[in-house]
Amino acid sequence: MPLLIRRLERADIVSSFDCGDQELNHYLQRFAWQNQQRHSVGTTYVAAVAEAPKVVIGFYTLAASGIPVASFPEDWRRRVSPYREAPVLLLARLAVDRRFQGRGVGAELLTHALELALAVRGTIGCRGVVVEAYPAAVSWYEAAGFVTVTTSPTETRTRKLFLDLRQVEKAKGGAASEAPGRFL
Amino acid sequence: MRFQAELSPRDAAVLQSLMGELEVEGNAVLMSNLLALASWAVSERRRGRRIAAFGDQGPVRELVMPLLERVAPGLDLPRVEIEWTREELENLASLMVGEPAEPTEKLGRLLDGR
């Protein structure tokens, strides 16, 4: 199933999107566009099929972030980074419409996100990708190499996972600057 | 100008395959055409346009290439703050300081092309 993955556009049809999670549906339908265009708190990339290129069948939202080195436990600070901040990307949401689940759309979206993360690493620097996942999705991310960093119960429903971009570079067979492009 | 490059066996095989498929006999001819293609892609991406392959019914594949993204204006992702617990930061620090794990099979499949 050939997919087109691109930035969310105003004319995209999101009203029929249903991933089975009301919160994620609501985010895409109500907030993704205005967050991207007006508030600049996340860029959403959407997947569509060629037969209906405006109908969104999957999406993810990506934002830049950084972890102040001073916030790490003191023993770790110097070894984490000699600078004030460790840059990371936040994969805030990723969801696929129920009618297309189990067909590799999520994997395609994740691949797209990791390709972008490598591009960011190659341009302005980035240590890794953080994802905040529902418990049911944790094993899916872990299979892709993400490591769960939220190991105790928290007040939030999600758990944080981290994927080191050095590992992603290894999977690509070299440094980001040497990585060839490919069609998604 | 004389141009020499050390290619990996994989890239060398791709080069030979391309030359055969395109019926190009000289490296210079192939390089000239590849440069034209690359120059066009860079100029389009610099203007914020995306590079995609089109089928009969519209675009079916978008090219994402780290080198091209260096000139793309749209990569300035918005910034957000993440709240971390001490435990999460300890776990994260140990991951950042240590050697990266070997890529999982799934990660390899995701990034190795299909």
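The values are calculated or read from the model by the stated rules, or taken from the named source; none is laboratory data. Note that the structure is predicted; figures quoted are calculated from it, not measured. In this analysis, Cβ positions are derived from the backbone assuming ideal geometry, glycine residues included, and neighbour counts consider all displayed protein chains.
Of note:
- In this entry, A:Val138 passes the filter for residues that are free of Cβ contacts under 8 Å to residues at least 24 places away in the same chain, over 24 Å from A:Arg6 (Cα atoms) and within 14 Å of the chain's Cα centre (by Cα).
- The single condition from (1) at pLDDT below 90; (2) at the interface with chain B (Cβ under 10 Å from one of its Cβ atoms); (3) closer than 22 Å to B:Ala72 by Cβ that A:Trp76 fails is (3).
- Residue within segment B:45-57 that is at pLDDT 70 or above, more than 7 Å from chain A (Cβ to nearest Cβ) and either within 16 Å of A:Gly42 (Cα to Cα) or assigned to a helix (DSSP H, G or I) (or both) present: yes
- One residue stands out in segment A:139-149 among those that are out of contact with any Lys or Arg (no Cβ under 6 Å at 6 or more places or on another chain) and over 10 Å from A:Leu163 (Cα atoms): the one that is surrounded by the most Cβ atoms within 10 Å (Cβ to Cβ), namely A:Trp140.
- None of B:Val24, B:Val42 is of a type outside the set (Gly, Ala, Ser), surrounded by 13 or more Cβ atoms within 10 Å (Cβ to Cβ) and part of a loop (DSSP other than H, G, I, E, B) except B:Val24.
- When the criteria are applied in full, A:Val46 fails the requirement of being modelled with pLDDT of 90 or more, touching an Asp or Glu at 6+ places or on another chain (Cβ under 8 Å) and over 27 Å from B:Val64 (Cβ atoms).
- Restricting the first member to segment A:41-55 and to residues that are touching a residue at least 60 places away in the same chain (Cβ under 8 Å), and the second to residues that are buried (at least 17 other Cβ atoms within 10 Å of the Cβ) and of a type in the set (D, E, K, R), the beta-carbon pairs closer than 8 Å and six or more apart or on different chains are A:Tyr45/A:Arg6; A:Ala47/A:Glu108.
- Put simply, of A:Ala92, A:Ala133, A:Ala107 the only residue that is of a type outside the set (Phe, Trp, Tyr) and out of contact with any strand residue (DSSP E or B) (no Cβ under 9 Å at 6 or more places or on another chain) is A:Ala107.
- Residue in segment B:65-84 that is more than 7 Å from chain A (Cβ to nearest Cβ), modelled with pLDDT of 85 or more, farther than 19 Å from A:Tyr45 by Cβ and surrounded by fewer than 17 Cβ atoms within 10 Å (Cβ to Cβ) present: yes
- Qualifying residue in segment A:167-174 (condition: within 23 Å of B:Ala93 (Cα to Cα) and either of a type in the set (Gly, Ala, Ser) or at pLDDT 95 or above (or both)): yes
- Among the residues of segment A:9-37, those that are away from every other protein chain (no Cβ under 12 Å), farther than 13 Å from A:Val96 by Cα and part of a loop (DSSP other than H, G, I, E, B) comprise A:Arg10, A:Ala11, A:Asp12, A:Ser15.
- Every condition in (1) over 16 Å from A:Ile5 (Cβ atoms); (2) touching a residue at least 60 places away in the same chain (Cβ under 8 Å) is met by A:Val96 except one, and the failing one is (1).
- Residue check for A:Arg121: of a type in the set (Lys, Arg), closer than 20 Å to A:Leu8 by Cα and either touching a Leu at 6+ places or on another chain (Cβ under 7 Å) or free of Cβ contacts under 8 Å to residues at least 12 places away in the same chain (or both): no
- For beta carbons closer than 6 Å, sequence separation of 6+ or different chains, a first residue in segment B:92-114 that is more than 7 Å from every other protein chain (Cβ to nearest Cβ) and a second that is surrounded by 15 or more Cβ atoms within 10 Å (Cβ to Cβ) and part of a helix (DSSP H, G or I), there are no qualifying pairs.
- Matching entry among A:Val69, A:Val131 (being more than 10 Å from chain B (Cβ to nearest Cβ), closer than 19 Å to B:Asn91 by Cα and β-branched (Val, Ile, Thr)): A:Val131
- Residue satisfying all of: in segment A:38-47; more than 9 Å from chain B (Cβ to nearest Cβ) and within 18 Å of the chain's Cα centre (by Cα); farthest from B:Glu81 (Cα to Cα) among these: A:Ala47
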